[in-house]
Amino acid sequence: MSPKRAQSFAAKGPPIANDQTMIVGAILAGGQARRMGGVHKALQNVGGEIVLSRLIARLRPQVGALVLNVNADPALFAGFGLPIVADDLPGHPGPLAGILAALDWAARAVPSARWVVSIPGDAPFIPVDLVSRLYDGMRRQDTNLACAESAGRTHPVIGLWPVALRFDLRHALVEESIRRIDRFTRRYAVATISWLAEPVDPFFNVNTPDDLARANVLATRTASG
């Protein structure tokens, strides 16, 4: 996602330095997991640990607050100690709806928040420098959005979003019926930040039972490395 044009939403504020309270982490686990037979991908075990627990441990030190987006029974996730928000749009419109729910939650619950970093609930190897590199890249490239890339492939769901974008995003979802993240973000300038994919792609995600088996193999590689 290369820069296209200037943003229409609020301008950037001052650099955050070490003020993590300005960034909320959002774990998106609101999908229907059809390729996993309907089981919740975030609740699967990778490397002896629940995927969601791995994500919380990796993301929590990088942000000021965490929120979980799920559309299933919230009781299934109550033991993780996170606030839970569901999509407020009908018909399971996809990850953009989860991002919108997280942006709206951040605006209500964390008044100091200026950005939300989104990650999928099925990516057990999210890097521990995700937020700092996305933020620094956004600043260097003078944009208000950033997304991750590895092995020459962009990962639009793994990105940094200004809370002020929630109004534009709701309009795009409701009035324009936009569902694809890259279709929405192409109208803005986006900083794309690359990570190495070796020894393990940090954005490998678990969509199928075969992916789950592969993730367990990869988990042993990261543990030994």
**OP:** Would you check if there is a residue in the stretch 26-38 being modelled with pLDDT under 95, closer than 18 Å to GLY159 by Cα and not small (Gly, Ala, Ser)?
**Re:** no
Original post:
Which one is surrounded by the fewest Cβ atoms within 10 Å (Cβ to Cβ), of the residues in the stretch 157-215 that are assigned to a loop (DSSP other than H, G, I, E, B) and among the small types (Gly, Ala, Ser)?
Top reply: SER177
Subject >> Where ARG5 falls short, out of the listed (1) in contact with a Lys or Arg (Cβ under 8 Å, 6 or more places away or on another chain); (2) modelled with pLDDT of 50 or more >> reply: (2)
Original post:
Taking the condition modelled with pLDDT of 95 or more, part of a helix (DSSP H, G or I) and under 19 Å from ILE158 (Cα atoms), does LEU68 pass?
Top reply: no
Original post:
From the residues in the stretch 83-101 that are touching a residue at least 12 places away in the same chain (Cβ under 8 Å) and out of contact with any helix residue (DSSP H, G or I) (no Cβ under 9 Å at 6 or more places or on another chain), which one is surrounded by the most Cβ atoms within 10 Å (Cβ to Cβ)?
Top reply: GLY98
**OP:** Return the total of residues in the stretch 161-195 being touching a Pro at 6+ places or on another chain (Cβ under 8 Å) and within 30 Å of GLY48 (Cβ to Cβ).
**Re:** 1
Original post:
Restricting the search to the stretch 52-81, which residues are more than 15 Å from the chain's Cα centre (by Cα) and hydrophobic (A, V, I, L, M, F, W, C)?
Top reply: ALA72, ALA75, LEU76, PHE77, ALA78, PHE80
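Take the stretch 106-146 and flag every residue that is part of a helix (DSSP H, G or I) and under 16 Å from the mean Cα position of the chain (by Cα).
Looking only at the stretch 106-146, we keep the residues that are part of a helix (DSSP H, G or I), and these are 106-109, 130-140.
Listed by number, the residues that qualify are ALA106, LEU130, VAL131, SER132, ARG133, LEU134, TYR135, MET138.
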**OP:** Return a yes/no flag: does the stretch 152-171 have any residue that is touching a His at 6+ places or on another chain (Cβ under 9 Å) and either at pLDDT 95 or above or of a type in the set (A, V, I, L, M) (or both).
**Re:** no
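The values are calculated or read from the model by the stated rules, or taken from the named source; none is laboratory data. Remember, it's a predicted structure, so these values are computed and weren't measured experimentally. Neighbour counts run over all protein chains shown; Cβ positions are idealised from the backbone, glycine included.
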